[in-house]
1. If you go through the range 86-108 one residue at a time, do you hit one that is farther than 26 Å from Arg191 by Cα and charged (D, E, K, R)?
2. For the range 75-87, how many residues are open to solvent by 60 Å² or more (accessible area, probe 1.4 Å) and in contact (Cβ under 8 Å) with a residue 12 or more places away in the chain?
3. If you take the residues of the range 313-345 that are closer than 23 Å to Ile231 by Cα and β-branched (Val, Ile, Thr), which of them is surrounded by the most Cβ atoms within 10 Å (Cβ to Cβ)?
4. Can you pull out every residue in the range 383-426 that is without any contact (Cβ under 8 Å) to a residue 40 or more places away in the chain, among the β-branched types (Val, Ile, Thr) and either surrounded by 20 or more Cβ atoms within 10 Å (Cβ to Cβ) or under 23 Å from Asp292 (Cβ atoms) (or both)?
5. Between residues in the range 239-264 that are in contact (Cβ under 8 Å) with a residue 40 or more places away in the chain and residues that are open to solvent by less than 90 Å² (accessible area, probe 1.4 Å) and assigned to a loop (DSSP other than H, G, I, E, B), which pairs lie under 6 Å by C-beta distance while being six or more apart or on different chains?
6. Taking the options Ile110, Ile99, Ile50, name whichever one is more than 21 Å from the chain's Cα centre (by Cα) and in a strand (DSSP E or B).
7. If we keep just the residues of the range 232-275 that are hydrophobic (A, V, I, L, M, F, W, C), out of contact with any Ser or Thr (no Cβ under 9 Å at 6 or more places or on another chain) and over 23 Å from Val28 (Cα atoms), which is least open to solvent (accessible area, probe 1.4 Å)?
8. So which strands (runs of 3 or more DSSP E) are wholly in the range 167-259 and hold at least 2 residues that are within 23 Å of Glu102 (Cα to Cα)?
Amino acid sequence: MQKKYTFLSLAALFAGIIGYVAYRTRRVPTPKNNWKRFDAKGNSPINSSIHQQLQGVYLINEGKHLFGETAVAKWTYTGDDDKRVHQLSFFCEKEGRYIICEGRQEGNKILLQGHWRKAAANGTGNVQLIVTSHKIDDGVLTSPKPQEKINISGFFGDGNNEADEPLHFVFMQPLAKNNSLQIIGHRGGCRNVDFLPVSENSIAMFKLAASLGATGVEIDVRLTKDGVPVIFHDSFLSIHTVKNKLYGGLLHNYNYDELKTVELRKGGNIPTLEECLHTIVYHTPLHIIWLDIKKECNLTEVLKLQKEYLEKAATINRQIKIYIGVPDKKILECFASLENHKDIPSLCELETDDAKNINAEVWAPQYTGGTQKDKVDEMHGTGKKVFVWSLDNEFLIDTYITEGGFDGLVTNTPSVAAHWLYTKSLVNNEAQLQANTKI
């Protein structure tokens, strides 16, 4: 009898774990938006110039109970030059919430439609906005009132419900132009457990990353049985990462043709490294790609693709860095055995001496080692960059970047990092906030 109860207890525990994983990694779709005015015939997409003119730090006058006091509006895009979709993201102060909008021109008016989400947590809803203060005149935002600040007003909702709660942004100041901090989205942007509608390390995630606040991505590279570099974090297939498999065995036991039919947890297929590099170089504004090499030692094909896409990026005037990551001693030995390895763009997670010995362009320690200001200064003195991983809340981001002097960070919450980066000059500036509140 005791054995029976023990078995039942273990079965219940196992079922509970599976249920929890399934819940945390489920696909949370983007809310359906049915704003007929936005989709009306005759409306046309607004171009990148208008989106860029809307960029800046904004005060939130209405909606602050959900979004906080301030928001950072930043333009991004997906697609190539011939078919590019422009987006405007608002990275808000409270709990990493962000809004992703597309814009349309209605006569000389600007309409913005999109959705909000809470970073690394469940919660989303519709957003409908209008630029109420300025009009489009020959591709330029103009206002009938001299020096009037940009006002963006509208409504937001919860889930698929009607957007009926007021939301109001007032322009405060332009974005700082000298911010060089790299915000690197973990697993291509965010993880499967972060309640997004797309899978980690997927083509859809790479396209989404910039609108989440990322300037670059960290992606996980593994080799299939037949030597094809693919993007996948775990060493095995499971319910956490793919559909219809509680456990599907080790990835390196599959040939690529077998993996092509496997559907990722939130849709899409396991991409090859080549598909990933092509997407990021040609279809996004991202300019950092950190190739986190997982276990397998044969770097020949990875090196070939790195070189190929650095050359392709240069031909289209894309300023992009593709780093081969060195996370452990085994990969260090493999990397150091490559011909002319000191000339290969790389990133090293080990000790500073290891990074120097392979001439890594970036040293990338884990945050658990502390701010390590002396070592950061040491690496800066040799002309190297230093990235830290992984920082997901504003307190840690502020502490490590301010005290440590890091050049970049890996994060599961790019929206939090982006808001901090562009509003850090506003910290403790209560007079400015109060002055803008009276507008």
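1. Within the range 86-108 (the criterion being farther than 26 Å from Arg191 by Cα and charged (D, E, K, R)), the answer is yes, since at least one residue qualifies.
2. Counting residues in the range 75-87 that are open to solvent by 60 Å² or more (accessible area, probe 1.4 Å) and in contact (Cβ under 8 Å) with a residue 12 or more places away in the chain gives 1.
3. Val326
4. Val386, Val388, Ile397
5. His240/Thr25; Thr241/Asp234; Thr241/Arg265; Leu246/Ile239; Leu264/Ser199; Leu264/Ser202
6. Answer to the check: Ile110.
7. Leu273
8. The strands (runs of 3 or more DSSP E) meeting that bar are 182-185, 216-223.
The values are calculated or read from the model by the stated rules, or taken from the named source; none is laboratory data. Owing to the predicted nature of the structure, the values given are computational and were not obtained by experimental measurement. A quick note on method: Cβ atoms are made from the backbone with ideal geometry, for glycine too, and the neighbour counts reach across all protein chains shown. We work out accessible area using only protein heavy atoms, side chains counted, and drop any ligands, DNA or RNA first. Shrake-Rupley method; radii C 1.70, N 1.55, O 1.52, S 1.80 Å.
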